[in-house]
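The values are calculated or read from the model by the stated rules, or taken from the named source; none is laboratory data. No experiment lies behind these values; they were computed from the predicted model shown. Backbone-built Cβ (ideal geometry, glycine too); neighbour counts: all protein chains shown.
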């Protein structure tokens, strides 16, 4: 490969071929857009409050590291009919507040030294982008599940979207089980638990508001693969195998993205297999061979970015080091992820905890659950 003008090697090559503010901005945008597209949760994020995760673009930011946001509870008054006097019968608004901590998270890759001069710099940038793209997608998915499952065992906030997970306040257990620590091998996942969760979602305070899909009310369920196997292999009347032909699969019922990749739909709950679902926690320890499935409604969690950031929030920095021999690329963002909690209650989510053991010798529960290393 011919040396660039001036013979300064790799450093000059990058200066001459696009390492300017516009190029940096374009690569940062490309990284953000494609990283988000690779996240498992991409279909469950919106900014209008009608999905599992609400992106807070216009939230009030204070003290530089906190995003404050509020939620108005639904009105429940009877109203006034006919010529009845309305004055004095007004219903007071009930609002709660929550906050998300935001902080900077960065990672970097070393894309090579002088021998890489045989390739153009855009190839090097692309290799670095792909590595960082996978890392960011995995990290954000891990953070979402650590929060929705209430994985309080994960104390490193680098894996939890810069916020500490909170223990779940709504827990559905199999009949006769006193707590998550008492889950036994007979307490596996079945569709009855979806019935219990949907019933509780509609009859709780505050109620878990469903997501509107083409005018219909839906919840979304996330099940660990071991729970999915237990559900699918049950031969009991009224369970999965018994109603499989009637189960609606994602894509055949609706083109709404929350159906993408769904196992099916049962009792108004769209079911998804999600291997990042975390184990149950009892007495400050993981409970062996258990999993916390999640049933979520609208605004179960929130995603916020730092002041002044747009949706293209990743920074992109290229630096030469080792006397101009090596190229490094870093990408960072100021952001926060958190489960929505109002008035000390989980607002849009509940967990369904069951026994969930591997079904073959080739499958094991990840030893570092919730850290994105599996």
Check on residue 195, touching a residue at least 12 places away in the same chain (Cβ under 8 Å) and surrounded by fewer than 17 Cβ atoms within 10 Å (Cβ to Cβ) | yes
Return a yes/no flag: does region 72-80 have any residue that is touching a strand residue (DSSP E or B) at 6+ places or on another chain (Cβ under 8 Å), at pLDDT below 85 and at negative phi.
-> yes
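Give 222, 226 a once-over and let me know the one that is part of a strand (DSSP E or B), surrounded by 20 or more Cβ atoms within 10 Å (Cβ to Cβ) and under 24 Å from the mean Cα position of the chain (by Cα).
The match here is 222.
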Enumerated strands (runs of 3 or more DSSP E) restricted to region 281-374, each holding at least 3 residues that are at pLDDT below 95 and buried (at least 20 other Cβ atoms within 10 Å of the Cβ) = 301-305, 326-339
Output for region 198-210, where each listed residue is assigned to a loop (DSSP other than H, G, I, E, B) and buried (at least 17 other Cβ atoms within 10 Å of the Cβ) | 208, 209, 210
Only one residue in 229, 169 is under 19 Å from residue 358 (Cβ atoms) and touching a residue at least 60 places away in the same chain (Cβ under 8 Å). Which one?
-> 229
How about region 166-186: which of its residues are closer than 12 Å to residue 281 by Cα and either touching a helix residue (DSSP H, G or I) at 6+ places or on another chain (Cβ under 9 Å) or in a loop (DSSP other than H, G, I, E, B) (or both)?
-> 166, 167, 168, 171, 179, 183
Looking at (1) in contact with a helix residue (DSSP H, G or I) (Cβ under 9 Å, 6 or more places away or on another chain); (2) crowded, with 23+ Cβ neighbours inside 10 Å; (3) assigned to a helix (DSSP H, G or I), find the lone condition where residue 147 falls short.
-> (1)
From the list 164, 175, which residue is under 30 Å from residue 316 (Cα atoms) and free of Cβ contacts under 8 Å to residues at least 24 places away in the same chain?
-> 164
